[in-house]
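What follows is a single structure, written as structure tokens, with notes after it.
The values are calculated or read from the model by the stated rules, or taken from the named source; none is laboratory data. Just so we're clear, the structure is a prediction, and the values are computed from it rather than from any experiment. Virtual Cβ from ideal backbone geometry, glycine too; neighbours counted across all protein chains shown. In case anyone asks, the SASA skips ligands and DNA or RNA and just uses the protein heavy atoms, side chains included. Shrake-Rupley method; radii C 1.70, N 1.55, O 1.52, S 1.80 Å.
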Number of protein chains: 4
Amino acid sequence: MPLFDRLKSDCSADWDAYVRHAFVEQVGAGTLPEAAFRTYLVQDYLFLIQFARAYALAVFKGRTLSEMRSAHAGVKAILDVEMDLHVAFCGGWNLSEAEMEATSEARATTAYTRFVIDAGLRGDLLDLHVALSPCVIGYAEIARRLASETRALDADNPYRAWVAEYAGDAYGEVAAAAVDKLDVLGAELVTEARYPRLKALFAQACRLEADFWQMGLDGA
Amino acid sequence: MPLFDRLKSDCSADWDAYVRHAFVEQVGAGTLPEAAFRTYLVQDYLFLIQFARAYALAVFKGRTLSEMRSAHAGVKAILDVEMDLHVAFCGGWNLSEAEMEATSEARATTAYTRFVIDAGLRGDLLDLHVALSPCVIGYAEIARRLASETRALDADNPYRAWVAEYAGDAYGEVAAAAVDKLDVLGAELVTEARYPRLKALFAQACRLEADFWQMGLDGA
Amino acid sequence: MPLFDRLKSDCSADWDAYVRHAFVEQVGAGTLPEAAFRTYLVQDYLFLIQFARAYALAVFKGRTLSEMRSAHAGVKAILDVEMDLHVAFCGGWNLSEAEMEATSEARATTAYTRFVIDAGLRGDLLDLHVALSPCVIGYAEIARRLASETRALDADNPYRAWVAEYAGDAYGEVAAAAVDKLDVLGAELVTEARYPRLKALFAQACRLEADFWQMGLDGA
Amino acid sequence: MPLFDRLKSDCSADWDAYVRHAFVEQVGAGTLPEAAFRTYLVQDYLFLIQFARAYALAVFKGRTLSEMRSAHAGVKAILDVEMDLHVAFCGGWNLSEAEMEATSEARATTAYTRFVIDAGLRGDLLDLHVALSPCVIGYAEIARRLASETRALDADNPYRAWVAEYAGDAYGEVAAAAVDKLDVLGAELVTEARYPRLKALFAQACRLEADFWQMGLDGA
């Protein structure tokens, strides 16, 4: 079984707790308190900065020019595109970039981002990608499910733009490339003796992502 | 003003929230629920492993043989002495090493430890020591205050051994050496333009330490 | 005095030995043996890959979004532009990318590149930039001097395209930005107590750059 | 085949060029110029400092407490024992510690040590151990061969103490433990797809070690 499917299937309880978290369901139903979403948006801004650092680490750890370039596409996507989109999106919620910059990281933000970075430094490129994967890949799965199962895209859902963004084809391709990268590295580097550690890493990353949603909810 | 005093004074609200956290006060009064203390003990075991990694990073980042040796004393203290003491101490609370190893890190554990490690890699040796300092130095201040102000060392306080350990001369010397190291590095490396970042790092480390106490309380 | 000028002036012997190395003078005079230049070109290809990793490390170590973006411009310049230019340029010398990739790093290549990377990991962003600076800034100084003092740009100099590239305005701006970055970081972070280590780092980087030229000469 | 044997056998040309380098043969025959040996001794002092950093990195990268402790034994061996032995030994050659500290690293020293450190940060614990292994394990093989095949231990060989040290049982155990560690990590982590990179890493480390001997010879 390709690595990502295997991880998701072996950690299904942690995966489901993340992708079906109450925050997510309330986004889909349009019932999430606005304060929760705003808390999330601000922390997600701080999160993206750390994720750009994690992708820069993937460039640093790349073993070939082609691996470096593929990780670099991730840095570029965040620093050149996503940050600006995020700032524009937040502007629609009356959150200025200056305000977001001046906010302290919530502990859930610190915990997940630094866990990912440390996983990359302690281990190899595969460890780094496993730790990154719940975020990159999970957002696409969450948004596509909401778009198909719920009234998430209805005109009266205040969060429809967020769902549409992550359910869209552009983000879908980013997530598919991340699955692919993981599967390729998995085929090259996973032994049965190594697998249990990767599983534990993936499960912990899922739990830290679920905490991130919870931090949003707690902000309301 | 020497660096540590300056940081503590400029971040006094965060420092006080950490060293006077309810968990700490209840330890001093002997009223902390046992389940809270046991939660803390197990996570502190996992915490120490990561702190040994942080001190190993300080060896790696040492600029002179003497700096490497001084950081190495920290690794040795944890791996050769404190871990065994901690395991013995936990044995008295019927917590086995196997049980502690098999426990997942709480998010507060992940957040503080990985924040420290990342601060060290992102910055220099001083950044690493600033991020480490609330833990190393704070424990001595907490325990000495409890020992002098409260009935913490009374025979009926179930936590008296913990207080006595960190209020003792041996640990006091460890903490004094950490203050010293920080002050020496501060005198060498701090400019007024750099100071605000060090203050922010110290304040965030204090908050993450307070979260660690809170995680213990929440375990009850 | 701004940091770069101070370093260059305090390490003038090492700087001069680098920027006036026999390899450089023979490039300017058009008398360098072709085998020496080809050896250099192949190793410079391998060198650039490591330099992209060093700039990725600068993104990772960036303390603000703006610092991360500025380091990211360096990664982009290398991975998206310079590598392709270099490959095209080498094509003109009948060196294929496959051939360059299959070549082992010369020790001078390994020494300078890994020294830079380690300086960045052991120290902070300023240490990393100091270690990078002889390369980035020196190439512009070398090429501009050759262009003005020698017959380097004459039609019969086989190396005129190389000189023109690094003496040109585009590269001149890259080098000026690097001087600027160093001066800004210097104003923020340099204390007199710290300066001697930065000087030693800069001097060693100059010597390792001179070795890189020598490696080219030895290839003939 | 266990990993170390496989690497040594697949890189036999590079391994032999290292363990049978002219420097080594002249040590065994007692014909090495004293200036060459003194050059080597001074650089080996600087080398050991970097190797202590590499072992500290192995502590940092350890995945279990037991792995951290085993790497820590390496840091302790260097910082608490070998450095002092080395200084004492060098004293016998009228080289003071102050003199050695004041010497700049030769490029061969910089190249091998930083290559090892970078291999560890770019990859995982196995990459780090593969890069370290020619040094740790090779010295034992070299000294034992010299002790058995040549007149290396004769009273009139000025280098007999060096040979005796590395041919002795104490060092033999260090080397055997390093082989073991490599074989255990290899059994856990090596796939056929990964092996070629490990082989290339090992071969490059052997070449950089041979350069270290050559640097000694060139010092005469």
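With respect to (1) part of a helix (DSSP H, G or I); (2) free of Cβ contacts under 8 Å to residues at least 12 places away in the same chain; (3) of a type outside the set (Ser, Thr, Tyr); (4) closer than 24 Å to C:Pro196 by Cβ, the lone exception for B:Glu173 is condition (4). Which residue is farthest from the chain's Cα centre (by Cα), if the candidates are limited to the range D:180-199 and must be part of a helix (DSSP H, G or I), basic (Lys, Arg) and within 14 Å of chain A (Cβ to nearest Cβ)? Step by step, filter the range D:180-199, then rank; the result is D:Arg197. Please work out if A:Tyr159 is within 14 Å of chain D (Cβ to nearest Cβ) and among the aromatic types (Phe, Trp, Tyr). No, not satisfied.
Evaluate the following for C:Ala164: is it surrounded by fewer than 20 Cβ atoms within 10 Å (Cβ to Cβ), away from chain B (no Cβ under 14 Å) and modelled with pLDDT of 95 or more? Criteria met by C:Ala164. For the range B:120-136, how many residues meet the condition of being within 9 Å of chain A (Cβ to nearest Cβ) and open to solvent by 10 Å² or more (accessible area, probe 1.4 Å)? The total comes to 1.
For C:Ser96, the test of being of a type outside the set (A, V, I, L, M), farther than 17 Å from C:Phe212 by Cβ and open to solvent by 60 Å² or more (accessible area, probe 1.4 Å) is failed.
Taking into account only those residues within the range A:74-89 that are of a type in the set (A, V, I, L, M) and open to solvent by less than 50 Å² (accessible area, probe 1.4 Å), which is farthest from C:Gly74 (Cα to Cα)? Top of the filtered list is A:Val87. Of all residues in the range D:137-161, those that are in contact with a Lys or Arg (Cβ under 9 Å, 6 or more places away or on another chain), crowded, with 16+ Cβ neighbours inside 10 Å and part of a loop (DSSP other than H, G, I, E, B) total 3. Among the residues of the range D:107-119, those identified as open to solvent by less than 20 Å² (accessible area, probe 1.4 Å) and either more than 10 Å from chain C (Cβ to nearest Cβ) or not aromatic (Phe, Trp, Tyr) (or both) are D:Ala108, D:Thr109, D:Thr110, D:Ala111, D:Thr113, D:Arg114, D:Val116, D:Ile117, D:Asp118, D:Ala119.
So if I check each of D:Leu41, D:Leu48, which one is of a type in the set (A, V, I, L, M) and open to solvent by 10 Å² or more (accessible area, probe 1.4 Å)?
On the way: D:Leu41 fails: open to solvent by 10 Å² or more (accessible area, probe 1.4 Å).
Just a single option satisfies the conditions, and that option is D:Leu48.
A search for C-beta distances below 6 Å between a residue of the range D:200-218 that is within 10 Å of chain C (Cβ to nearest Cβ) and any residue that is acidic (Asp, Glu), counting only pairs 6+ apart in sequence or on different chains, returns D:Ala203/D:Asp14; D:Arg207/D:Asp14. Restricting the search to the range A:105-129, which residues are in contact (Cβ under 8 Å) with a residue 12 or more places away in the chain and over 16 Å from D:Arg122 (Cα atoms)? Of everything in the range A:105-129, those that are in contact (Cβ under 8 Å) with a residue 12 or more places away in the chain and over 16 Å from D:Arg122 (Cα atoms) turn out to be A:Glu105, A:Ala106, A:Arg107, A:Ala108, A:Thr109, A:Ala111, A:Tyr112, A:Thr113, A:Arg114, A:Phe115.
Considering the range D:9-28, and only residues there that are out of contact with any Lys or Arg (no Cβ under 7 Å at 6 or more places or on another chain) and open to solvent by 60 Å² or more (accessible area, probe 1.4 Å), the residue that is farthest from D:His129 (Cα to Cα) turns out to be D:Glu25. The single condition among (1) part of a helix (DSSP H, G or I); (2) closer than 17 Å to A:Val179 by Cα that A:Ala13 does not satisfy is (2).
Answer yes or no: is there a residue in the range A:57-77 that is among the polar types (S, T, N, Q) and within 14 Å of chain B (Cβ to nearest Cβ). No, the range A:57-77 has no match at all.
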